[in-house]
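First the structure, in the form of structure tokens, and then the observations on it.
The values are calculated or read from the model by the stated rules, or taken from the named source; none is laboratory data. Keep in mind it's a predicted model, so treat the numbers as computed, not measured. A quick note on method: Cβ atoms are made from the backbone with ideal geometry, for glycine too, and the neighbour counts reach across all protein chains shown. Calculation scope for accessible area: heavy atoms of the full protein, side chains included, ligands and nucleic acids excluded. Shrake-Rupley method; radii C 1.70, N 1.55, O 1.52, S 1.80 Å.
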Amino acid sequence: MDTPSLVVLDRDHPGFRDPVYRARRDAIARLALAHRDGDPPPRVEYAEEEHSVWSVVWTNLAPIHDRYACSAWFDGDRRLRLSRTRVPQFIEVNAQLQPMTGFCLMPVAGLVTPGAFLRELGRGVFLSTQYMRHASAPLYTPEPDVVHELIGHAASLANADFALLNRRFGEVAMTLSDDAMQPLIRAYWYSLEFGVIRDAGALKVYGAGLLSSFGECGRFETSAELVPFDLDVMAETPFDPTDYQRRLFVAPSFEAMKHGVLAWLAKRAR
Ligand SMILES: [Fe+2]
């Protein structure tokens, strides 16, 4: 009898028909499930093919970052200095990140509620996946993978402003029940995952989802409806995590976004 898969992939997932990839995903999920709070994150021995995917992603994202990434992300990226040729280990990223801003990455098998994810931010823990997207589509992933976590989030978290914003989201989440969490989840989504700002007249990106997506960051200017930054509207706007975002909220500057988010969060803490 076949052992049932731990990780369930949709039929249109690039790795759906690849038994080697599915076994790999299960093995990495098992590492996360075996992890205990307080222990360092497990090492994943990445295969050469996975390192190649990482390298291809960086090669393709770098020009997009040059055009679109906000200066706060570049600040974090310069501080963290992630390898662009080998997939970094969480334990090594944490050794650098923790002294900088107090944040660390901890593994998650993939199944975590948005409320649980946000609450962990309150204690400086960023729950992250460690698996790599399928090698047949290095510039696409239907779900957050290690590329998204490291290039989008970890690089951001080395910047003090990003760390503060993530921490405040978490601290407010800790005061809310799951039933009261939805506005916070949406505000996080449309800011720290998919936020856009203006900087010297140009559109710049600070959302980790965009910063780690070759396809979406390359076309959001023409494919998404760009509307003014308004956290009350963001908090009421549903989103589809499986598709390109139809609507993005543009703040007048990074500072305006930061102060807006902090003020909005301060009003929501119970
Ligand atoms: Fe994310």
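General remarks:
- Accessible-area composition of segment 1-87, carbon plus sulfur, in percent [1.4 Å probe]: 52
- Fraction in percent of alpha-carbon pairs per bin - 10 Å, segment 1-81: 13, 29, 32, 23, 2, 0
- Solvent-accessible area per residue for the chain (1.4 angstrom probe, square angstrom): 46
- Cα convex hull, segment 119-270: 110 Å³ per residue, rounded to a whole number.
- Of the trypsin sites (Lys or Arg not before Pro) found in segment 1-104, those in coil by DSSP whose Cβ has at most 16 other Cβ atoms within 10 Å are Arg11, Arg17, Arg36, Arg43, Arg81, Arg84, Arg86.
- Under 13 Å, Cβ to Cβ, from Asp232 - net charge with Lys/Arg +1 and Asp/Glu -1: +1
- Long-range amide H partners of Val205 with built H, under 5 Å: Ala69, Cys70, Ile197
- Angle between the chain longest axis and helix 48-68 axis [Cα atoms, degrees, rounded to 10]: 20
- Radius of gyration, Dmax [the chain; alpha carbons; angstrom]: 17.8, 62
- Percentage of interatomic Cα-Cα distances in segment 16-150 larger than 24 Å: 31
- Residue ranking by accessible heavy-atom surface, 1.4 Å probe, largest first, among Val56, Val8 comes out as Val8, Val56.
- For the chain, excluding the exposed loop sites themselves (GluC sites (Glu not before Pro), DSSP loop, at most 14 other Cβ atoms within 10 Å), the longest remaining stretch covers 46-235.
- Solvent accessible area, Å² - Ile185, 1.4 Å probe, full protein context: 30
- At most 16 other Cβ within 10 Å, DSSP loop - trypsin sites (Lys or Arg not before Pro), segment 118-192: Arg123
- Over the chain, relative contact order from alpha-carbon pairs under 8 Å, at least 6 apart, %: 19
- Solvent-accessible ranking of Tyr190, Tyr244, largest area first, probe 1.4 Å: Tyr244, Tyr190
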